[in-house]
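Reading through the structure tokens given below for one structure.
The values are calculated or read from the model by the stated rules, or taken from the named source; none is laboratory data. This structure is a prediction, so every number in the text was calculated from the model and none was measured. Neighbour counts run over all protein chains shown; Cβ positions are idealised from the backbone, glycine included.
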Amino acid sequence: MDLTLAPEDLALQRTARAFAREEILPIAAGRDRDYPPEEAFPWHLIEKLDGLGLRTLTVPKALGGCGASHLQQSLVTEELAYGDLGVAVSMDQTFKFTQLLCEETTAGQRERHLPGFLADPKALLAIAISEPQSGTDSFLLYEAPGAGPRMTAKKDGDSYVLNGTKHFISNGGLAKYYFIFARTDPGKPMSQGLTGFIVPLGAPGFTIGEAHSKLGRRLLRNGELVLRDCRVPAGDLLGEWNNGLAIFRRMVSGALIPVMGPARLAFDLARRAVREGGTAEHQWVQMAISEMYMLIEAGRTVLHAAAWHGGQPTDDSKRRLMSKVFASEAAIKVCRMAMELWGEAGALHFADRPTPEKCWRDVLSYLHGFGTNEAVKLKCFPLIPLEGEMGW
Ligand SMILES: Cc1cc2nc3c(=O)[nH]c(=O)nc-3n(C[C@H](O)[C@H](O)[C@H](O)COP(=O)(O)OP(=O)(O)OC[C@H]3O[C@@H](n4cnc5c(N)ncnc54)[C@H](O)[C@@H]3O)c2cc1C
């Protein structure tokens, strides 16, 4: 086993690391504290990321992109998240759904939508399944017909008509293209009655609702999508009618979360504080720093391993989901320990410098994303056949 990163992995990591420290970190705390949710997103950084070739990181080389692997994607977003988790997630969503746009679509769909995505330096992507009445049940295996989204899509002539509301959507209101999942046979469970559609911003009947005001990841816009008799041309159905769940699960499964970026920042902030504050020689402080290091090292290892398996025959949803649970809980613990090591300053808001408090608020969101951690733990093991292998 060789865990050494290849020269091209290291080059990407270096580019993203420098960008996070020079461009994102200096503005993140101020936007987090002082900007309303509709205005906090730093668009100018997206154009710069595009200039570096990072916005189109996962577009296959044959189509003019970098053709980055899942591991490279994970390395880049971890570095960006050191600057700000919201910016990293905006890119991460775009990286994942670029793969959807390039690999799960028909030649006609690529012809219609890919040039608009490639040529526009601010084009981002989003996926939408969550609704006010459905959350975790859209991500895990619930076979009851009543589980999952309520949004409907009905065929009408040569188009589909979508009705319903999505919420919590990352890049909601920022993205140019949306992959929206609706019930096409509400009497059946999601595995037999859910279909995905490609819906560009500005489609008739598609409006952006509220931008949620969040505890963390405040630079990223999470919003509502409102579809009222929204017409989608028949050619923009994603994959097969009533078989959208399989595509959704392949795309959104939790391995690629950049949660160790803020944990690493909190660790650096804690080490600096104990050195400057003269507490570094206390045994408890030394033990805390060692424990934070172990949690970061373990969290990065499970995430990188899950990303490395991504797209290969060894890939599996249990590993991907469990890596998100472990890494998010490790990151939350690291950030909380950093807050303790900062003393009272750990509980203060500052708009002019990075703080462990912001790191902690940011990583908390992964307790819920992709299905809540509790529900993932509850539901993941019944998915594994008793006599099956763990892949060890
Ligand atoms: C920052 C952020 C970004 C997001 N981005 C997107 C996005 O881009 N696209 C998108 O579609 N969605 C997105 N989401 C939504 C996210 O996927 C949901 O929040 C998640 O699926 C959980 O759903 P919920 O919040 O409705 O909680 P619920 O699923 O309603 O959970 C509420 C409570 O019930 C518990 N619970 C749920 N199921 C069970 C069970 N079977 N047994 C026992 N207890 C259970 C949970 O553990 C929790 O305590 C985002 C969420 C956040 C926080």
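Computed values, structure above
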{"quantity": "Lone unmet requirement of (1) over 30 Å from Ala246 (Cβ atoms); (2) among the charged types (D, E, K, R); (3) in a helix (DSSP H, G or I) for Glu329", "calculated": "(1)"}
{"quantity": "Answer from Glu240, Glu210 - the residue that is within 24 Å of the chain's Cα centre (by Cα), of a type in the set (Asp, Glu) and not in a helix (DSSP H, G or I)", "calculated": "Glu210"}
{"quantity": "Counted residues, the range 206-236 - those being surrounded by fewer than 19 Cβ atoms within 10 Å (Cβ to Cβ), among the basic types (Lys, Arg) and more than 19 Å from Ile129 (Cβ to Cβ)", "calculated": "1"}
{"quantity": "Residue ID - farthest from Leu101 (Cα to Cα), chosen from residues in the range 140-166 that are surrounded by fewer than 19 Cβ atoms within 10 Å (Cβ to Cβ) and charged (D, E, K, R)", "calculated": "Glu143"}
{"quantity": "Test: residue in the range 112-121 that is in the same structural domain as Lys61 (by TED's automatic domain parsing), more than 24 Å from the chain's Cα centre (by Cα) and over 22 Å from Arg217 (Cα atoms)", "calculated": "yes"}
{"quantity": "Which listed residue is more than 17 Å from the chain's Cα centre (by Cα), within 12 Å of the ligand (Cβ to nearest atom) and under 19 Å from Ile247 (Cβ atoms), from Asp137, Asp185", "calculated": "Asp137"}
{"quantity": "The listed residue being hydroxyl-bearing (Ser, Thr, Tyr), part of a helix (DSSP H, G or I), outside the structural domain of Lys214 (by TED's automatic domain parsing) and farther than 25 Å from Pro356 by Cα, out of Thr15, Thr58, Thr94", "calculated": "Thr94"}
{"quantity": "Single match in Thr105, Thr195, Thr165 (criterion: more than 9 Å from the ligand (Cβ to nearest atom) and in the same structural domain as Leu49 (by TED's automatic domain parsing))", "calculated": "Thr105"}
{"quantity": "Filtered residue count, the range 339-373, keeping only those that are at pLDDT 95 or above, out of contact with any Ser or Thr (no Cβ under 7 Å at 6 or more places or on another chain) and within 16 Å of the ligand (Cβ to nearest atom)", "calculated": "6"}
{"quantity": "Any hit, the range 295-318, residues being under 27 Å from Ala28 (Cα atoms), more than 22 Å from the chain's Cα centre (by Cα) and modelled with pLDDT under 95", "calculated": "no"}
{"quantity": "Odd one out for Asp137, checked against (1) crowded, with 16+ Cβ neighbours inside 10 Å; (2) part of a loop (DSSP other than H, G, I, E, B); (3) assigned by TED's automatic domain parsing to the domain that holds Gly216", "calculated": "(2)"}
{"quantity": "Residue within the range 181-196 that is out of contact with any Leu (no Cβ under 6 Å at 6 or more places or on another chain), assigned to a loop (DSSP other than H, G, I, E, B) and crowded, with 20+ Cβ neighbours inside 10 Å present", "calculated": "yes"}
{"quantity": "Test for Gly53: is it at positive phi, without any contact (Cβ under 8 Å) to a residue 12 or more places away in the chain and surrounded by fewer than 24 Cβ atoms within 10 Å (Cβ to Cβ)", "calculated": "no"}
{"quantity": "Every pair of residues 6+ apart whose Cβ atoms lie under 7 Å, when the first sits in the range 152-170 and is closer than 30 Å to Leu85 by Cα while the second is away from the ligand (no atom under 16 Å from the Cβ)", "calculated": "Gly164/Thr152"}
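Residue-by-condition table, conditions (1) at pLDDT 95 or above; (2) within 15 Å of the ligand (Cβ to nearest atom); (3) assigned by TED's automatic domain parsing to the domain that holds Ile332; (4) in contact with a strand residue (DSSP E or B) (Cβ under 6 Å, 6 or more places away or on another chain):
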site	(1), (2), (3), (4)
Ile169	yes, yes, no, yes
Ala175	yes, yes, no, yes
Met190	no, yes, no, no
Pro204	yes, no, no, yes
Val226	yes, yes, no, yes
Ala266	yes, no, yes, no
Arg271	yes, no, yes, no
